[in-house]
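Worksheet: one structure, shown below.
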Amino acid sequence: MKRTSLKEQIDQFAVQLLRHHSEYVQQETPESAPYFMTRLRARIAQEQQVAQFWEFGVISAQKWLIALGCVALVFFFGNLVAIGTQSHRLTPMTVGSSLNDLEDSDYVHASEEALNVELQKE
Amino acid sequence: MAKITTTLPLPELTELPDDRLVEMTLQGDNQAFENLVGRYSRRVFAIARHFFRQPETVEDIAQETFTKAYFALQSYQRGASLEYWLARIAVNNCYDELRRRKSRGELTVSDMTEDEVNWMDNKLAQVSVNRHIQIGERQIASEVTQKLLDKLSAEDRTILILLHAEEYSVAEIAKLIGWSEAKVKIRAFRARHAMRKLLQRLQLIEQRKERQAAASFAA
């Protein structure tokens, strides 16, 4: 019981210390420091410069991204067109005709001729 | 802030409400912002002074608070208390600075001046008879409190100052620092415990010194 009350008393003492500290601070704190406004103006101006620098950087980066995006889009649509024309050749309707073309092709004739020559040699 | 422009003469500016000055600042009237700084600089300095002793740190906190406020004025809700809004920025700046420092040395009596040691010795001896601190003792109480607070963690220190020095409620502190009310209560309990332990340790040191002095006197 005695221990608890001592604990409470120490707590109360701590609170008293903090309140007196606060009252002293309120009483002693000046309106502001000398030349505070001048330094604040300088700091805000400095921060504005930094912000402008970053703003410029971000705007430049945005422009570059837009330009790169446009180039990427041109390549993308170019590829789409190329793939479109290739896929037109390989549609199921054209596969049969492609095979017929292959049969008539010079490559097939040449290989058949080579085979015949070898057979004749044997 | 480089170019100062104002639409109204100074005496008229001082009579305008905060919200009007905020609007004028947002329209580029820097004189209006300087007027706001003049209105609340004492409050911001007092908050920083509760946390730090060094005048340079106090001014740095005040500068940072007003700089942040200047760039964030757009987010200030018209009709709300500008003083509370600035206090919130200042408290968060102080808390961040404390966390950056993270200096928590062990408390030794040698940290205090001889006057402070004697005063604490006297006060701690009187704690059991519940004697109060006199008004004339405020300065020394403030110095001692700062040194005791230096030994606490950033969280404990912030909570104790806001609760007992700034006298904010738990709900207000929760809003100020962005913690839940439950966290504020738990932190406050821990902070009081830490402060009590510090004071008890000082009390024990003094009692030991007294016993040693008595023993040497008897010998």
Worksheet item: If B:ASN92 passes every condition in (1) modelled with pLDDT of 90 or more; (2) within 14 Å of chain A (Cβ to nearest Cβ) but one, which one does it miss?
Response: (2)
Fill in: Members of region B:56-72 found to be more than 7 Å from chain A (Cβ to nearest Cβ) and charged (D, E, K, R), listed by number
B:GLU56, B:ASP60, B:GLU64, B:LYS68
Response to the item:
Over region B:96-117, the set of residues at pLDDT below 70 and assigned to a helix (DSSP H, G or I) is B:VAL109, B:SER110, B:ASP111
Worksheet, complete the sentence: Among residues of region B:40-87 being surrounded by fewer than 21 Cβ atoms within 10 Å (Cβ to Cβ) and of a type in the set (Ser, Thr, Tyr), the residue nearest to the chain's Cα centre (by Cα) is B:THR57
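Rundown of residues vs (1) aliphatic (A, V, I, L, M); (2) touching a Phe, Trp or Tyr at 6+ places or on another chain (Cβ under 8 Å); (3) surrounded by 10 or more Cβ atoms within 10 Å (Cβ to Cβ); (4) modelled with pLDDT under 80, yes/no style:
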{"site": "A:ASP11", "(1), (2), (3), (4)": "no, no, yes, no"}
{"site": "A:ALA14", "(1), (2), (3), (4)": "yes, no, yes, no"}
{"site": "A:THR29", "(1), (2), (3), (4)": "no, yes, yes, yes"}
{"site": "A:PHE36", "(1), (2), (3), (4)": "no, no, yes, no"}
{"site": "A:ARG41", "(1), (2), (3), (4)": "no, no, yes, no"}
{"site": "A:GLN46", "(1), (2), (3), (4)": "no, no, yes, no"}
Worksheet, complete the sentence: Residues of region A:1-29 being at the interface with chain B (Cβ under 7 Å from one of its Cβ atoms) and either over 30 Å from B:PHE189 (Cα atoms) or not in a helix (DSSP H, G or I) (or both), in sequence order, are A:THR29
Fill in: Contacts under 6 angstrom Cβ, first residue in region A:36-52 being facing chain B (nearest Cβ under 7 Å) and of a type in the set (Gly, Ala, Ser), partner crowded, with 16+ Cβ neighbours inside 10 Å and not in a helix (DSSP H, G or I), 6 or more apart
A:ALA45/B:MET1
Item to complete: Test each condition in (1) modelled with pLDDT under 85; (2) within 23 Å of B:ARG49 (Cα to Cα); (3) of a type outside the set (D, E, K, R); (4) buried (at least 18 other Cβ atoms within 10 Å of the Cβ) for B:HIS164 and report the one that comes out false.
Response: (1)
Worksheet, complete the sentence: Across region B:19-30, the tally of residues that are at pLDDT below 90 and buried (at least 18 other Cβ atoms within 10 Å of the Cβ) stands at 2
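The values are calculated or read from the model by the stated rules, or taken from the named source; none is laboratory data. Nothing here was measured: the structure is a model prediction, and the numbers come from that model. Please note: Cβ atoms are built from the backbone with ideal geometry, for glycine as well, and neighbour counts cover all protein chains shown.
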